[in-house]
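S.K.: Below you'll find the structure I mean.
Laboratory data are not the source of any read-out in this text; all were calculated from the coordinates shown. Computed from a predicted structure; not experimentally measured. In this analysis, Cβ positions are derived from the backbone assuming ideal geometry, glycine residues included, and neighbour counts consider all displayed protein chains.
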Amino acid sequence: MRSEELSLIRELPLFAGVTNTTFDKLVRASYLQFFPPHVRLVNEGDPADFLYVVVEGCLELFAEANGHDTTVALVRPPSSFILAAVLTDSTYLLSARTLEKSRLLLIPAENIRQAMDSDTAFTHAIVHDMAWAYRTIVKSHKNHKLRSTIERLANYLLSEEKIQNGQGRITLPHDKRTLASLLGMTPENLSRAFGTLRQYQVEINGREVHLNSLEDLRALAKPTPLIDDAEM
């Protein structure tokens with residue numbers, strides 16, 4: 001890796017507090033690679049040979065069974081996946097593919113486990129990463145169990161408006177099939193949900209969405225930090 005790439009990796013939360021010795025060992029064993037969109041990187045059921053760290057881009061974690069598939073999560077930097085399988089030396093429970101051009105750091109699983117044994121700071125970083133992953137899963141589960149499809153879509157739009165600082169106008173970051181699967185809907189249900197949101201001053205044109213009354217949309221969505229705040 002070039003010096004600027006090393007600096008970028010060193011600043012990732014997973015490596016911020018580790019010793020230089022641990023960092024050097026992990027980097028020497030790792031690969032920093034670009035991948036084009038729609039590349040399948042991991043298949044569920046395969047051995048967890050690498051920990052993947054998303055440096056740039058976006059990945060979709062998904063599962064398939066009996067002719068069906070579903071999006072479980074979208075992973076953006078600076079995040080890792082699938083850490084639990086790496087730590088337990090198990091198989092991946094999810095598949096993963098790139099949604100856009102992405103840069104990933106691939107760290108051999110055995111090196112991760114060795115670093116945990118020798119560097120307390122790295123162990124703390126791993127535990128912190130696992131804790132945030134668990135909390136994210138709980139929030140997602142609550143979102144799907146406690147809200148209707150309309151409420152899930154409304155809260156998603158409000159979250160994206162905040163992320164994009166859109167001032168009432170956002171661009172959907174993913175295609176509608178992926179969005180529908182992420183929110184636990186069919187594409188047809190997603191279209192009907194957008195139709196319902198018209199009465200709340202939501203207008204959609206392709207991937208451009210205008211939220212003309214954030215107050216009305218919040219009244220419908222009833223966002224709560226215990227589900228919607230990524231920092232909690």
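S.K.: Give me the aspartates and glutamates in straight-line cross-link reach of Lys162: C-alpha distance below 17 Å, same-chain residues under 8 apart excluded.
M.R.: Glu151, Glu208, Glu215, Asp216, Asp228, Asp229, Glu231
S.K.: Could you tell me how far the Cα centroid of the range 4-62 sits from the Cα centroid of the range 160-208, in Å?
M.R.: Taking the Cα centre of the range 4-62 as reference, the centre of the range 160-208 is 30 Å away.
S.K.: List the trypsin sites (Lys or Arg not before Pro) within the range 101-146 that fall in a DSSP loop (any state other than H, G, I, E or B) and whose Cβ has at most 15 other Cβ atoms within 10 Å.
M.R.: Qualifying residues, ordered by number: Lys101.
S.K.: Could you work out the helix-only [θ] at 222 nm for the chain, with each DSSP H run of four or more residues adding -39,500 (n - 2.57) and the total divided by the number of residues, to the nearest 500 deg cm²/dmol? List each step's numbers first, then the result.
M.R.: Details: 10 runs with 104 residues, N = 232.
Here the helix-only value at 222 nm equals -13500 deg cm²/dmol.
S.K.: Pick from Asn189, Asn20, Asn143: which is most flexible by mean-square fluctuation in a GNM of the chain where alpha carbon atoms under 10 Å apart are linked?
M.R.: For the chain, modelled as a Gaussian network with Cα springs under 10 Å, the answer is Asn20.
S.K.: Which order, highest average first, do 165-172, 213-220 follow once you tally other Cβ atoms within 10 Å for each residue and take the mean per peptide?
M.R.: Highest to lowest by the protection proxy: 213-220, 165-172.
S.K.: So which trypsin sites (Lys or Arg not before Pro) in the range 1-61 end up in coil per DSSP with only 14 or fewer other C-beta atoms within 10 Å?
M.R.: Of the trypsin sites (Lys or Arg not before Pro), the ones in loops of the range 1-61 whose Cβ has at most 14 other Cβ atoms within 10 Å are Arg2.
S.K.: Would you mind calculating the gained length between Asp49 and Arg10 on full extension (0.36 nm times residue separation, minus the Cα-Cα distance), in nm to one decimal?
M.R.: The span from Asp49 to Arg10 would gain 11.8 nm if fully extended.
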